[in-house]
């Protein structure tokens with residue numbers, strides 16, 4: 001796995017409550033790079049996050065409000081954060097409920113900038 | 001105070017792991033030395049990432065510096081660590097009050113008062129919020145989702161749909177003023193199902209909301225009831241943290257309206 | 001949906017629902033169709049199954065030639081459509097899944113839910129039934145019986 005991508009993912013995994021970070025191909029939902037805790041199924045996270053991101057993109061396009069750049073799926077037991085990256089990639093972060101959303105968002109947007 | 005700051009600074013310099021950073025950071029904050037206060041707080045948090053008082057200190061500094069979104073996150077973290085932390089309850093209570101969420105403000109301020117019953121300033125704040133929440137005189141008023149939503153803007157921005165994506169209330173137009181409610185509603189049903197599936201299969205439990213930051217707006221999808229979805233569009237300069245709060249407020253109005261309809 | 005084995009129906013139905021696949025064929029490694037679900041249209045299902053089995057068989061041979069472990073999954077990805085082939089073991093022998101999917105889903109989702117399908121099929125396979133010996137003399141009759149069951153001829 002590319003060292004560059006792992007370097008990008010490392011700060012995300014250091015956030016309090018982070019369970020896994022990955023770079024995913026948006027089109028086919030396949031893992032490009034991942035850094036996960038042992039009980040996290042990367043292929044599932046990748047496929048589901050990409051599918052959700054694609055659906056959101058259709059909503060945004062229909063609404064005429066530009067393009068999505070960041071999203072957070074909030075659930076009782078945690079969140080899935082997705083940031084859209086260049087080259088049809090997405091950056092995905094799976095967290096528990098204790099993760100500060102503001103910190104996650106900032107780290108992810110900074111990581112996307114570095115990918116650009 | 002200056003002597004204390006000097007002494008605490010020396011103590012912290014001699015022992016960077018000392019918890020004196022809490023007192024030092026608070027003192028610097030009270031003197032509006034924000035940059036120094038931030039440095040002390042962040043350094044302390046780095047050493048003690050699970051210390052509730054450290055998050056509380058950081059939140060107070062962020063709040064004074066006007067970064068309310070991050071302040072909220074830090075107090076939220078404090079409460080996750082200690083659900084009865086008075087400082088965090090008070091802080092979040094005031095943030096909700098500033099956002100116009102008086103019910104949530106009262107809930108948190110009352111909880112803080114339970115922990116610190118001798119705090120006179122807090123007791124007064126609780127009374128004030130209670131007064132604001134006095135029910136209005138009884139008169140027949142048709143509940144409106146829009147009445148509780150942010151001020152109307154040229155394009156309509158709030159849409160309530162059923163589980164199948166059929167619009168129930170509200171309107172949605174694109175920036176050119178074209179009605180798009182039905183199309184968006186149809187997409188929302190699938191999006192909500194996808195959100196539920198993702199949350200379920202990733203063992204996150206029940207999904208609660210979807211916040212979306214776009215280049216030209218911020219969008220939010222929440223579930224006022226198990227059978228309905230609420231979609232709200234906000235200007236991009238509204239902080240994304242506030243988006244969720246506003247959507248929750250609109251969702252509460254939607255629930256009241258749905259109850260009244262039944 | 002058409003299936004020779006009734007216990008295949010529920011897992012296959014769940015897979016198609018979750019993955020949004022256009023067409024799914026489950027077949028034995030020799031290309032005999034066990035189940036079919038989706039929009040076949042004018043597609044010659046039996047030929048598609050035979051070809052799918054042939055592709056998997058030749059890829060196994062290629063892997064053996066290269067001294068690699070056998071391939072489990074093969075994907076042909078087009079612009080608007082993809083074909084996903086997956087070989088998996090069941091108590092009834094090796095089976096192959098051929099999944100045709102479009103742009104309303106993704107390879108990641110197809111793979112994710114196909115893995116679930118395999119788990120569910122393994123759990124649903126009746127264990128009390130021993131595989132019947134196929135004698136040469138009965139083979140033709142068995143094949144015709146399964147064709148009749150599948151296509152109602």
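Taken together, the values in this text are just the output of simple stated rules run on the coordinates, not laboratory data. If you're wondering where the values come from, they're calculated on a predicted model, not measured in any experiment. Ideal geometry is used to build each Cβ from the backbone, glycine not excepted, and the neighbour counts take in all protein chains shown.
Structure above, values below:
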| quantity | calculated |
| --- | --- |
| FRET efficiency, residue C:67 to residue C:123 (Cβ-Cβ, R0 25 Å, nearest 0.05) | 0.15 |
| Exposure proxy ranking, count of Cβ atoms within 10 Å, fewest first, for B:259, B:101 | B:259, B:101 |
| Most mobile listed residue (B:110, B:213, B:74) in chain B, GNM with C-alpha springs under 10 Å | B:213 |
| Cα centroid of the range C:1-72 to Cα centroid of the range B:21-44, whole Å | 65 |
| C-alpha long axis of helix B:2-14 to longest principal axis of chain B, angle in ° | 90 |
| Estimated D of the range B:2-133 in µm² per second, where Rh is the Kirkwood radius over Cα pairs and Stokes-Einstein applies at 25 °C, 0.890 mPa s | 161 |
| 26 Å tail of the calculated P(r), chain A, as % of Cα pairs | 10 |
| Tensor-based shape of the range B:158-261 (alpha-carbon gyration tensor, a/c under 1.5 rounded, otherwise prolate or oblate) | rounded |
| Inter-site label distance for residue B:227 and residue B:252 at 7 Å from Cα along Cβ, in nm | 2.4 |
| The range A:22-98 and the range C:96-122: distance between their alpha carbon centers, rounded to Å | 20 |
| Cβ-Cβ FRET estimate between residue B:238 and residue C:115, R0 fixed at 51 Å, reported to 0.05 | 0.75 |
| Most fluctuating residue given options A:48, A:12, A:91, as computed from a GNM of chain A linking Cα atoms under 10 Å | A:48 |
| Within a Gaussian network of chain B (alpha carbon springs, distance under 10 Å), most fluctuating of B:71, B:199, B:59 | B:199 |
| Cα long-axis angle, helix B:52-64 against chain B (0 to 90 degrees, to the nearest 10) | 70 |
| Degrees between helix B:102-115 axis and first principal axis of chain B (Cα, 0 to 90, nearest 10) | 30 |
| Where N is the number of residues in the protein assembly as shown, Cα Rg divided by 2.2 N^0.38 Å | 1.20 |
